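Where a number appears in this text, it was derived from the coordinates with a stated rule and is not lab data. Since this is a predicted model, take the numbers as computed values, not measurements. Quick reminder, even Gly has a Cβ in these numbers, built from the backbone with ideal geometry, and neighbours come from all protein chains shown.
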Amino acid sequence: MTEPPSSRSIFTDQVYDYWQPSSDCPSSGTYRVIIDAKLPVTRSVMLLDPLGCGGFLSLVPAIAQRAGLEADSEIAASTLFEKLRLAGVELNGADYLFYVPLAEQKLLLVENFPATVRQLTPKDAAVFEAFVLTAPEVDLDEAFVELDHWLVFGYFVDERLVSVASMYVWNGTSFADLGIITLPQFRGRGFGRQTVRAIVAQALKQGLESQYRCQPDNISSARLAEASGFSLFAKWDVIKLDED
């Protein structure tokens, strides 16, 4: 991944206000400790590693006390991970967080899209069901694409739906979390990129910030994000909860 310069002017204020309300960056290789009693159980421990900056650890008071961590302190990454391990905290595994830079948003708002990509509605249930039946199971599990999401777009080839992107409003924020699936035999032809750009443009017009997440080892997904106009903002990890 190409690192953008350390600046708070690349993305919208929505991104920085949610993830990095302070412009004061921790030193590289360290984490700043933020203790927050309002964190939900699913994010009672949360690590954020913005590009061009040190990291941020947010956690609830009980776990902070157990790990011997103090608010507003800065701690070396190796020391931090050892403290979390001794406190019995296991992390779920990082995701990349992508957002569309301000400069790219301006281009998207005036881009003309082909008639082969359009918004889907409940009237498209039959073609969407046919798409789901032929999509790989692993893609359906990972991408979380649904026809009843807040916003759904699809790309058609000879009246067949071959790529679908959908968005839902994420965790009560102004972010629209995006999933995208393109049928394997239609990949590499730009259909996924067109679908993503079309849905992002529509989300922008409706006032929501598009968010693209994928695991760091999903190289093809990360490349699609960048090809579609997104830039990497940070790596993000949360506590792993017992399945029980």
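In table form, for the structure just shown:
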{"read-out": "Lysine-lysine proximity count for the chain, Cα under 30 Å, sequence distance 8 or more or distinct chains", "value": "9"}
{"read-out": "Cα centroid separation, the stretch 189-211 to the stretch 45-123 (Å)", "value": "21 Å"}
{"read-out": "Cα gyration tensor category, rounded, prolate or oblate, for the stretch 92-171 with a/c compared to 1.5", "value": "oblate"}
{"read-out": "Viscosity 0.692 mPa s, temperature 37 °C, Stokes-Einstein D of the stretch 36-95 from Kirkwood C-alpha radius, µm²/s", "value": "272 µm²/s"}
{"read-out": "Linear extension gain, Q215 paired with V110, 0.36 nm per residue minus alpha-carbon span", "value": "34.7 nm"}
{"read-out": "Cα gyration tensor, the stretch 176-244 - rounded (a/c under 1.5), prolate or oblate", "value": "oblate"}
{"read-out": "Value of D in µm² per second that Stokes-Einstein yields for the stretch 1-122, Kirkwood Rh from Cα pairs, at 25 °C (0.890 mPa s)", "value": "146 µm²/s"}
{"read-out": "5 angstrom amide H check on V157, placed H, neighbours 5+ away", "value": "V162"}
{"read-out": "Length-normalised contact order of the stretch 102-228 in % [C-alpha pairs under 8 Å, at least 6 apart]", "value": "24 percent"}
{"read-out": "Angstrom value of the Kirkwood radius, inverse mean 1/r, which spans all Cα pairs in the stretch 105-152", "value": "12.8 Å"}
{"read-out": "The stretch 11-81: relative contact order as a whole-number percent, Cα under 8 Å and 6+ apart", "value": "37 percent"}
{"read-out": "Percent antiparallel among DSSP beta bridges (both partners in the stretch 13-97, rounded to 5)", "value": "60 percent"}
{"read-out": "Most mobile of S22, S58, S44 in a GNM of the chain (Cα contacts under 10 Å)", "value": "S22"}
{"read-out": "Cα convex hull of the stretch 123-205 - mean projected area over all directions, nm²", "value": "5.6 nm²"}
{"read-out": "CD proxy at 222 nm, helix term only [per DSSP H run n ≥ 4: -39500 (n - 2.57); per residue of the chain; nearest 500]", "value": "-8500 deg cm²/dmol"}
{"read-out": "Stretchable slack from A71 to N92, in nm (0.36 nm times residue separation minus alpha-carbon distance)", "value": "5.3 nm"}
{"read-out": "The chain: C-alpha pair distances exceeding 23 Å, %", "value": "53 percent"}
{"read-out": "Using θ = phi - 60° and Karplus 6.51 cos²θ - 1.76 cosθ + 1.60, couplings along the stretch 48-57 (whole Hz; Gly, Pro as x)", "value": "10, 10, x, 5, x, 7, x, x, 10, 10"}
{"read-out": "Sequence-separation-based contact order of the chain, relative, with Cα cut under 8 Å and 6+ spacing, percent", "value": "25 percent"}
{"read-out": "Lone cysteines, the chain (no partner Cβ under 4.7 Å)", "value": "C214"}
{"read-out": "DSSP-defined antiparallel bridges as percent of all bridges, the chain, nearest 5", "value": "80 percent"}
